[in-house]
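What follows draws every value from the coordinates through simple rules; no lab data is involved. Values in this document were obtained by computation on a predicted structure and should not be read as measured data. Backbone-built Cβ (ideal geometry, glycine too); neighbour counts: all protein chains shown.
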């Protein structure tokens with residue numbers, strides 16, 4: 001661990017079967033007007049909406065509804081939410097949903113009192129807010145993005161065919177998040193598995209960077225082993241509380257800045273996946289799984305030692321009698337077999353991408369420079385060509 | 001992970017070679033009067049005192065000195081510190097030192113405005129403060145206790161022969177901590193190794209509890225593997241920045257509440273070690289190492305499955321052809337060999353304990369109930385008898 005850094009994560013988490021009691025404890029700290037943000041209405045079917053509204057009313061809050069946030073939340077919807085929050089004079093934005101809803105809530109929170117073009121300011125110039133921020137709280141109903149304990153906010157601009165994430169500083173983190181694993185039980189299996197791979201990708205994209213010895217990588221390996229163990233159980237029985245609770249907790253720690261400390265981090269799987277999503281609107285985690293194997297096989301020669309370590313420490317590959325490359329390759333084979341067994345989408349064709357879209361997807365892919373190889377356009381085209 | 005819990009850790013950390021810049025960034029947030037707490041004066045020899053005082057003066061602070069905090073800080077010194085803080089009208093308590101100095105600073109911080117008998121209130125009745133708390137910041141110069149990012153405060157009452165720790169809530173956590181690995185380079189090797197075993201013990205005493213599958217245990221295994229790896233390098237070359245920085249970061253995460261989440265936790269090695277220290281004033285980490293092997297061999301039959309997992313996942317024991325007990329025992333043998341190699345004290349005789357003290361040490365040992373076996377007095381006597 002040779003890099004310098006700061007660490008601060010002020011989000012308070014309430015975890016477990018009685019986590020909603022935490023919401024009741026938090027509400028008195030905020031003013032009367034609450035913007036209640038949610039998605040397509042699944043929370044009205046599984047009873048979460050009712051419980052949250054009851055807690056808000058019990059606490060004497062005025063509720064301004066802001067439902068209909070879609071996966072890959074759009075800039076257009078963001079503008080609508082800003083207007084609602086302003087009209088309601090929101091003192092608190094309560095996000096009830098998955099990562100898209102939390103991401104959207106954070107984008108609204110930094111925009112309500114912002115006088116500038118928020119797309120340009122936050123998602124093109126990546127500036128920090130210099131206006132008042134409306135506090136955000138989350139009640140999580142889908143696991144994967146880690147948005148419940150970080151400053152990340154990913155917004156899609158359909159007009160510009162751009163899906164861009166801004167990782168805001170700690171003052172934009174949710175003030176509190178309610179994590180009840182049972183609130184995620186009604187998520188369809190496709191979405192659950194997609195979320196599991198989102199977690200996996202978060203950990204790997206931080207892990208596959210740097211050549212120094214770093215405690216963060218050992219923590220990452222622990223999280224990966226926990227995730228792989230619990231994912232298998234959850235795929236068999238999505239109602240297994242123990243497995244689902246471990247997955248939920250792993251998701252939070254996979255992307256709340258901890259395992260990136262002292263590291264450069266890669267993030268190219270997310271850049272490739274987000275470019276695919278900008279053209280197909282496909283489910284986030286599946287866009288990551290669909291490009292991962294081509295990307296990692298491309299990357300392996302540039303980071304062979306780390307891929308070999310991954311194979312041994314995470315996939316229990318026995319390195320005896322193997323070259324480092326053979327060990328590394330065997331690790332990726334085991335990962336691929338696990339992904340297929342889990343039911344992940346392994347190509348972008350299945351997500352609606354066509355060869356005709358290739359030029360556009362290549363063009364939409366942002367290039368990051370923290371991994372084992374800084375890609376150029378030719379590399380991106382090669383990886384995406386292998387992903388159909 | 002089947003337990004319910006809350007998580008909140010608001011301490012801001014500045015880590016690395018330029019970490020003292022963080023102190024300069026923090027100071028303007030606090031009032032003028034700073035109680036500067038430190039130990040026996042080693043910080044005046046290694047230049048840290050000078051740098052900290054320069055930063056305080058640059059920020060226009062009035063400094064009230066409170067040096068001379070000893071290892072195992074005493075209740076008598078605590079009373080002295082409270083009086084100094086009151087006289088200085090301290091707005092900030094800045095602890096520059098190791099865990100004892102940080103622990104002491106926290107004890108002062110909750111006592112300055114407390115009208116009650118603070119020993120009785122905080123260390124016998126384990127109450128939370130209901131008075132104003134003077135904020136604490138830390139500049140760490142010795143690694144091990146994790147006190148830089150938790151609410152722990154251990155105070156020794158020599159008159160009562162009691163060394164007792166209170167783990168305060170998040171409002172008592174340091175507001176910020178400065179972690180520059182180079183500030184720890186001048187710590188004598190005996191103290192460095194003692195700190196390393198303190199970290200090891202923190203992780204193990206949380207790990208050896210519970211029978212459910214829990215992400216916290218996977219994170220603990222990662223921290224243990226990192227610690228074991230870096231400890232070997234640091235013992236060879238104490239000036240290895242990479243190893244010392246990993247040890248420093250591992251220490252923080254070993255005891256900042258994270259890896260206890262969803263777990264009951266054990267803590268009997270600390271209770272035994274603290275009882276030994278109350279009678280000998282021996283170095284903290286060495287009191288833990290001296291009782292660990294007798295304790296863990298006693299405990300193994302009650303938690304065999306976890307000890308076997310520990311052997312495989314942390315000590316790379318091959319379980320093929322072994323019973324679970326044999327695997328578990330081989331893990332402890334490897335741990336013991338590593339401890340001896342590192343130079344840890346392996347018995348309490350070497351720490352100044354005599355057979356005549358046995359009754360008193362048994363009496364001073366607090367019994368915790370979160371591990372694989374709730375000890376009775378006979379068990380404690382048996383374990384301590386094996387520790388001479």
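Numbers at a glance
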{"item": "Chain B Cβ-axis minimum, rotational copy A, residue and distance in Å", "result": "B:222, 2"}
{"item": "Shielding by other protein chains, A:233-245, mean Cβ within 10 Å", "result": "2"}
{"item": "Copy-to-copy label separations for residue B:29, where each label sits 7 Å from Cα toward Cβ, in nm and ascending", "result": "1.5"}
{"item": "Spin-label model distance (nm) - residue A:25 vs residue A:126, 7 Å beyond Cα toward Cβ", "result": "3.6"}
{"item": "Whole-percent pair-distance distribution, where bins are 10 Å wide, for the alpha carbons of region A:77-163", "result": "18, 52, 29, 1"}
{"item": "Antiparallel bridges, percent of DSSP beta bridges restricted to chain A (to nearest 5)", "result": "20"}
{"item": "Ellipticity estimate at 222 nm from DSSP helix runs (n ≥ 4, -39,500 (n - 2.57)) divided over chain B, nearest 500", "result": "-14500 deg cm²/dmol"}
{"item": "Taking the convex hull of Cα positions in region A:212-349, its mean projected area over all directions (nm²)", "result": "9.1"}
{"item": "Per residue convex hull volume, Cα atoms of region B:245-302, in Å³", "result": "115"}
{"item": "Residue mean of other protein chain beta carbons inside 10 Å, B:209-216", "result": "5"}
{"item": "Helix B:241-254 axis, angle to chain B major axis (alpha carbon atoms, nearest 10°)", "result": "80"}
{"item": "Residues of region A:346-380 with amide N under 17 Å of the 7 Å Cα→Cβ point at residue A:305", "result": "A:371-373"}
{"item": "Mean shadow area of the protein assembly as shown, taken as a quarter of the surface of its Cα convex hull (nm²)", "result": "32.4"}
{"item": "Residue B:46/residue A:62 FRET efficiency (R0 60 Å; Cβ-Cβ; nearest 0.05)", "result": "0.55"}
{"item": "C-alpha long axis of helix A:75-88 to longest principal axis of chain A, angle in °", "result": "30"}
{"item": "C-alpha long axis of helix A:268-280 to longest principal axis of chain A, angle in °", "result": "60"}
{"item": "Pair residue B:161, residue A:86: separation of 7 Å Cα→Cβ label points (nm)", "result": "7.3"}
{"item": "Per-residue mean of C-beta atoms belonging to partner chains within 10 Å, peptide B:8-17", "result": "6"}
{"item": "Projected-area average for chain A over all orientations - Cα convex hull basis, square nanometres", "result": "17.9"}
{"item": "Distances in nm from residue A:326 to the matching label points in the other copies, shortest first (labels 7 Å along Cα to Cβ)", "result": "3.0"}
{"item": "Whole-number Å³ per residue for the convex hull built on Cα positions in region B:54-104", "result": "77"}
{"item": "Label point 7 Å beyond Cα along the C-beta direction, distances from residue B:132 to other copies (nm, shortest first)", "result": "2.7"}
{"item": "Along principal axes, Cα extents of region B:12-184, largest first, whole Å", "result": "41, 29, 26"}
{"item": "Extension gain (nm, one decimal) between residue B:116 and residue B:190, 0.36 nm per residue minus Cα-Cα", "result": "22.8 nm"}
